[in-house]
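Before any comments, here is the structure.
Nothing in this text is a laboratory measurement; each read-out follows from the coordinates by a stated rule. These numbers come from a predicted model, not from an experiment. Backbone-built Cβ (ideal geometry, glycine too); neighbour counts: all protein chains shown.
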Amino acid sequence: MSGSAGGGPAAPAKAAVFLDRDGTLILNDGDLGDPDRVELLPHAASGVRLLHQAGYPLVVVTNQGGVARGMYDEAAVLATHDRLEQVLRQATGLPRVIAAFYFCPFHPQGSVDRYRREHPWRKPQPGMLLAAASEHAIDLERSWMVGDQERDAQAGAAAGCRSVLIGQAHAASVADFFAPDLHAAARRILHEDAPQVVAGVVTLHAADHGILADRDLRAALEASAHGLGERTGVRLVGLDWTADSVTATVEGGEVVALGFAAEWRRVTMAWWRTRGGSGSLWAGE
Ligand SMILES: [Mg+2]
């Protein structure tokens, strides 16, 4: 069910980022219905975090012709997506990551009768993107498709989106941009949409396992980061916590982020020592 109750004005349509699943978010050659085999690709989590923090709803759109070929069923795809969301939450520290999952179980050469046909949702056709746009009030012209296959870029183009293809640039592609991984794709999207805001991201790892799960410690470190931002004029976009690490995103690019992290590390270590903290706060001291 969707739609707004009460007859009020509809929310303005928003820009979103559509993400292919296999070969873009997770390590796979294109057919996966086993939740236990979900494994994020390098830099996928940081790319997802960057896009999420920039405010784009993230929508997964994936062809799952393995259903038509009888390799697994739709319930297995749903279980795999639940697992992917869980893995992404763990990796990013975000409370919720993917706004919606769409998959196409049909394939014209399938072995299961009810799934053996062409379907408007099957990429390179744009059906999943169009359905998501109408169900989630997405402005397709301001949105992006990111995938690792030409059919992903074609589906994006057919829906009216811009696209980033993960892989080597080639002239025959309809993709607007090329990137080596999802993090690089995310940076390209942010650069195109808001060139004046270049985000830099840096992660500090705690010296002791689990120490950053302590709410009081987190609050003190967070206050220190905001204070440092005010003193140095660096705008802190956000801090993402796990029990073992914190990732700071700042405006101004990687060099600014590295400088900010080095100074934050220094002042928090000094504070840790005056507070009588034992050992080191951060790894690598
Ligand atoms: Mg793919």
Exercise for the section: May I ask you to derive the relative contact order of the chain, considering only C-alpha pairs under 8 Å and at least 6 residues apart, and to give it as an integer percent? Expected result: 16 percent
Handout entry: Sites GLU74 and LEU258, calculated FRET efficiency, Cβ-Cβ separation with R0 51 Å, nearest 0.05
Key = 0.65
Practice task
Enumerate the residues in region 263-285 having an amide nitrogen under 15 Å from the point lying 7 Å beyond the Cα of ASP214 toward its Cβ.
Solution key: 268-283
Fill in the blank from the handout: Given the candidates GLY110, PRO120, LEU51, the one whose Cα lies deepest towards the positive end of the charge dipole of region 23-149, counting +1 at each Lys or Arg C-beta and -1 at each Asp or Glu C-beta, is LEU51
Exercise for the section: Describe numerically, in nm with one decimal, the distance between label points set 7 Å from Cα along Cα→Cβ at HIS226 and at ASP36. Expected result: 4.5 nm
Fill in the blank from the handout: Protection proxy (average C-beta count within 10 Å per residue), highest first, orders 209-218, 147-156, 81-90 as 147-156, 81-90, 209-218
Completion exercise
Farthest towards the positive end of the dipole of the chain, among ALA199, SER224, SER245 and with Cβ unit charges of +1 on Lys and Arg and -1 on Asp and Glu, lies the Cα of SER224
Fill in the blank from the handout: Env charge @ PHE106, Cβ radius under 10 Å, K,R +1 / D,E -1, value +3
Practice task
Return, ordered by residue number, the residues of region 206-240 whose backbone nitrogen is under 12 Å from a label point located 7 Å along Cα→Cβ of MET269.
Solution key: 207
Completion exercise
Note: GLU85 to ASP193 extended length (0.36 nm per residue) minus current alpha-carbon separation gives 36.3 nm
Completion exercise
Dividing the helical contributions, -39500 (n - 2.57) per DSSP H run of n ≥ 4, by the residues of the chain yields a 222 nm value, nearest 500 deg cm²/dmol, of -11500 deg cm²/dmol
Completion exercise
Hits for the chain under the membrane-span-like helix rule (DSSP H, Cα axial span at least 18 Å, Kyte-Doolittle mean at least 0.0) are 254-274
Handout entry: Net charge over other residues, Cβ less than 11 angstrom from the Cβ of SER46 (K, R count +1; D, E count -1)
Key = 0
